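The values are calculated or read from the model by the stated rules, or taken from the named source; none is laboratory data. Keep in mind it's a predicted model, so treat the numbers as computed, not measured. Please note: Cβ atoms are built from the backbone with ideal geometry, for glycine as well, and neighbour counts cover all protein chains shown.
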Ligand code: AMP
Ligand code: ZN
Ligand code: ZN
């Protein structure tokens, strides 16, 4: 570009006009230049103008999209707590919220873990109904874990109907640059475009990948697109929700959104696409020195068939005849609330469903619940246990667990602040925008209709 500008300037100078940047400006002497020199200078300028336009086109050219159908881009920022927008002052998200909708917060489902909540957002079902009842799930005589690729890609684990299946069953196309559940054929269906999850794929590449799907001809272009970024969850766990490191991670997430919005602008569709930014849950500060130990109260080998552990929720499967004993013993354990399945508070929507353990223990915020062996294993790699860290998975009534919701586009009001609502509502919002008939779900559009135009 600089060369083109330079050439143009040279052309102007040669044409006898005053060159402002030149040390020795050449003035036009009236009557001194011939018709010939004028004509040749004009030709030269015309040629250079064409070169300039072509070069500028090469730099700025982006085919504008003029045949966009109602489109949703659902962006998940893992562990982006509801208050990070203000606490960390994230400009792109603030701008979307100012000109769109923002919820005071969005209420995650219990347990406030990554897999259950992403799949709730995708299906509108509570975990008790969609089957991903925790990051670890017991069924088919085996344990599902989020790191087990084969199980994550096995459709048997994923119940209900995620939005990408709803869209494709009703004749639209879906695409996923990562989203929990998108790698498994649910009802035998994958999004038309999808990727095996790999957290090392650079986030900017994910954004550009989504933009390239929008550049497809209308017949191949997806209308329902999901994306996923884990920066704030990674930093939140390692440094806690109040750390400068977590602020940088939130600003990274914000940059990815800015990159996406800029890409939409250059295509002329920034105000035509509906962007919904969500998180799966928040993040609470944890002091790793504050722990309760399950094996101080029961004999894990003798009393249980298995325990599916996380620091914040433990699923306990007592041996036959030991349910009451284990339950009574665990009532003595501090910094956790243990319930029998069927007696879990209704507000948690966590009693139905074959996969919920006979006893569920939910950890108090700020603490961890584990066993002595697991604790020793955890602490052996931690030289500075006094430093705060972060966790989630607790009861969804904790303010620290609340999630973010920001939405922008033709379907959404401008500058609207919504009352807190449950994340089971997102599925119906997306169906409404795309003109899809929703599958049976736990949400009700009446809870969120006020945010829609
Ligand atoms: P959590 O243990 O609940 O904090 O889980 C967060 C982690 O889930 C992230 O760090 C990701 O590595 C992982 N994750 C997110 N999406 C997927 C996916 N689609 N498949 C496998 N792992 C994922
Ligand atoms: Zn998460
Ligand atoms: Zn996490």
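With the requirement that a residue be surrounded by fewer than 24 Cβ atoms within 10 Å (Cβ to Cβ) and in contact (Cβ under 8 Å) with a residue 40 or more places away in the chain, what does region 166-176 give you? Working first, answer last.
Let us first name the residues in region 166-176 that are surrounded by fewer than 24 Cβ atoms within 10 Å (Cβ to Cβ), namely 168-173.
Within region 166-176, 170, 172, 173 qualify.
Criterion first (assigned to a loop (DSSP other than H, G, I, E, B) and modelled with pLDDT of 95 or more) does residue 234 satisfy it?
Numbers: assigned to a loop (DSSP other than H, G, I, E, B): no; modelled with pLDDT of 95 or more: yes.
No.
Go over the candidates 426, 417 one by one and state the one that is assigned to a helix (DSSP H, G or I) and in contact (Cβ under 8 Å) with a residue 24 or more places away in the chain.
On the way: 417 fails: assigned to a helix (DSSP H, G or I).
Going through 426, 417 in turn, just one is assigned to a helix (DSSP H, G or I) and in contact (Cβ under 8 Å) with a residue 24 or more places away in the chain: 426.
Residues checked against (1) over 13 Å from residue 118 (Cα atoms); (2) part of a strand (DSSP E or B); (3) touching a strand residue (DSSP E or B) at 6+ places or on another chain (Cβ under 9 Å):
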site	(1), (2), (3)
134	no, no, yes
143	yes, yes, yes
167	yes, no, yes
172	yes, no, yes
180	no, no, yes
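Being surrounded by 24 or more Cβ atoms within 10 Å (Cβ to Cβ), within 16 Å of ligand 3 (Cβ to nearest atom), within 14 Å of the chain's Cα centre (by Cα) and under 26 Å from residue 272 (Cα atoms): is that true of residue 121 here? Spell out how you get there, then give the answer.
Working: surrounded by 24 or more Cβ atoms within 10 Å (Cβ to Cβ): yes; within 16 Å of ligand 3 (Cβ to nearest atom): yes; within 14 Å of the chain's Cα centre (by Cα): yes; under 26 Å from residue 272 (Cα atoms): yes.
Yes, satisfied.
Kindly list, by first and then second residue, each pair from a residue in region 233-252 that is within 20 Å of residue 92 (Cβ to Cβ) and within 11 Å of ligand 1 (Cβ to nearest atom) to a residue that is in a helix (DSSP H, G or I) and modelled with pLDDT of 95 or more, limited to pairs with Cβ atoms under 7 Å and residues at least 6 apart or on different chains.
Partner pairs satisfying both residue conditions: 234/249; 235/245; 235/246; 235/249; 236/246.
Picking from 270, 354, 291, which residue would you name as being away from ligand 1 (no atom under 16 Å from the Cβ) and buried (at least 18 other Cβ atoms within 10 Å of the Cβ)?
Details: 270 fails: buried (at least 18 other Cβ atoms within 10 Å of the Cβ); 354 fails: buried (at least 18 other Cβ atoms within 10 Å of the Cβ).
Only one candidate passes the filter, namely 291.
Is it the case that region 94-103 has a residue that's closer than 22 Å to residue 444 by Cα, within 13 Å of ligand 1 (Cβ to nearest atom) and in a strand (DSSP E or B)? It would help to see each step written out before you state the result.
Taking region 94-103 and keeping what is closer than 22 Å to residue 444 by Cα, we get 100-103.
Going one step further and asking which of them are within 13 Å of ligand 1 (Cβ to nearest atom), we end up with none.
The answer is no, given that none of the residues of region 94-103 is closer than 22 Å to residue 444 by Cα, within 13 Å of ligand 1 (Cβ to nearest atom) and in a strand (DSSP E or B).
Of these, 216, 211, which one is farther than 22 Å from residue 353 by Cβ and part of a helix (DSSP H, G or I)?
Details: 216 fails: part of a helix (DSSP H, G or I).
Unique residue meeting the criteria: 211.
Can you confirm whether residue 338 is in contact with a helix residue (DSSP H, G or I) (Cβ under 8 Å, 6 or more places away or on another chain) and in contact (Cβ under 8 Å) with a residue 60 or more places away in the chain?
Details: in contact with a helix residue (DSSP H, G or I) (Cβ under 8 Å, 6 or more places away or on another chain): yes; in contact (Cβ under 8 Å) with a residue 60 or more places away in the chain: no.
For residue 338, the condition - in contact with a helix residue (DSSP H, G or I) (Cβ under 8 Å, 6 or more places away or on another chain) and in contact (Cβ under 8 Å) with a residue 60 or more places away in the chain - is not met.
Under 6 Å by Cβ, and 6 or more places apart or on different chains, what pairs join a residue from region 177-190 that is in contact (Cβ under 8 Å) with a residue 40 or more places away in the chain and within 22 Å of residue 208 (Cα to Cα) with one that is away from ligand 2 (no atom under 16 Å from the Cβ) and part of a strand (DSSP E or B)?
That search, which allows pairs on different chains as well, returns 182/176; 182/194.
Only residues that are within 16 Å of ligand 1 (Cβ to nearest atom), over 17 Å from residue 208 (Cβ atoms) and assigned to a strand (DSSP E or B): list them for region 62-85, please.
74, 76, 77, 81
Report whether or not residue 174 is away from ligand 3 (no atom under 16 Å from the Cβ) and within 14 Å of residue 71 (Cβ to Cβ). Can you show your working first?
Numbers: away from ligand 3 (no atom under 16 Å from the Cβ): yes; within 14 Å of residue 71 (Cβ to Cβ): yes.
Here the answer is yes, as residue 174 does meet what is asked.
Could you tell me which numbered condition residue 109 fails, if it satisfies all but one of (1) buried (at least 24 other Cβ atoms within 10 Å of the Cβ); (2) away from ligand 1 (no atom under 16 Å from the Cβ); (3) over 15 Å from residue 241 (Cα atoms)?
Just one mismatch for residue 109, condition (2).
Which of the residues spanning region 381-401 are touching a residue at least 60 places away in the same chain (Cβ under 8 Å), closer than 20 Å to residue 134 by Cβ and either assigned to a loop (DSSP other than H, G, I, E, B) or out of contact with any helix residue (DSSP H, G or I) (no Cβ under 8 Å at 6 or more places or on another chain) (or both)?
Within region 381-401, 392, 393, 394, 395, 396, 398, 400, 401 qualify.
Among the residues of region 373-415, which ones are buried (at least 20 other Cβ atoms within 10 Å of the Cβ) and more than 16 Å from ligand 2 (Cβ to nearest atom)?
Keep residues of region 373-415 that are buried (at least 20 other Cβ atoms within 10 Å of the Cβ), which gives 389-394, 396, 400-409, 411-412.
Answer for region 373-415, where residues must be buried (at least 20 other Cβ atoms within 10 Å of the Cβ) and more than 16 Å from ligand 2 (Cβ to nearest atom): 406, 407, 408, 409, 411, 412.
Among the numbered criteria (1) under 25 Å from residue 169 (Cα atoms); (2) more than 16 Å from ligand 2 (Cβ to nearest atom); (3) under 18 Å from the mean Cα position of the chain (by Cα), which one does residue 423 miss?
(2)
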